[in-house]
Amino acid sequence: MRNPGVQLCELERQIQELQPAFLAACMALNTEKIELEHAIISRRLTPAQWTYSPDILQQQDLLKQLKRQFQQKHEPTSGREITWVIKLLLATV
């Protein structure tokens, strides 16, 4: 019987070797999810970043300010829930 550490190293090597072809095949399928009998493969995108022009950043700051002012003057139309919390205090005698 082979050493488990050697088997693990061999398996990791095989995964690394097959990874570029696997990723290319997933991209070629152009689908969000691949469902198989023993696995579900789904695509996940990491957060993107953009470099905006100063004009857009200034407009964004103005919009944030206007939203804050609006929120201070108006009640929310949805999404707010009221939760009551009961805290029991134990008296020591």
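The values are calculated or read from the model by the stated rules, or taken from the named source; none is laboratory data. Bear in mind the structure is a predicted one, so any value in this text is a computation, not a measurement. For neighbour counting, all protein chains shown are included, and Cβ atoms are generated from backbone atoms with ideal geometry for every residue, glycine included. Please note that ligands, DNA and RNA were not included when accessible areas were found on the heavy atoms of the full protein model with its side chains. Shrake-Rupley method; radii C 1.70, N 1.55, O 1.52, S 1.80 Å.
Number of residues in region 32-80 that are modelled with pLDDT under 90, farther than 30 Å from residue 19 by Cβ and open to solvent by 100 Å² or more (accessible area, probe 1.4 Å) equals 3.
If you scan region 25-43, which residues turn out to be under 23 Å from the mean Cα position of the chain (by Cα) and part of a helix (DSSP H, G or I)?
Within region 25-43, the subset under 23 Å from the mean Cα position of the chain (by Cα) is 26-27, 29-35, 39-43.
26, 27, 29 - these are the residues of region 25-43 that are under 23 Å from the mean Cα position of the chain (by Cα) and part of a helix (DSSP H, G or I).
Among the conditions (1) in contact with a Lys or Arg (Cβ under 9 Å, 6 or more places away or on another chain); (2) on the phi > 0 side of the Ramachandran plot, the only one that residue 41 does not satisfy is (2).
Can you confirm whether residue 85 is assigned to a helix (DSSP H, G or I), surrounded by fewer than 10 Cβ atoms within 10 Å (Cβ to Cβ) and of a type in the set (Val, Ile, Thr)? Explain how you work it out, then say what you get.
Working: assigned to a helix (DSSP H, G or I): no; surrounded by fewer than 10 Cβ atoms within 10 Å (Cβ to Cβ): yes; of a type in the set (Val, Ile, Thr): yes.
Answer is no for this residue.
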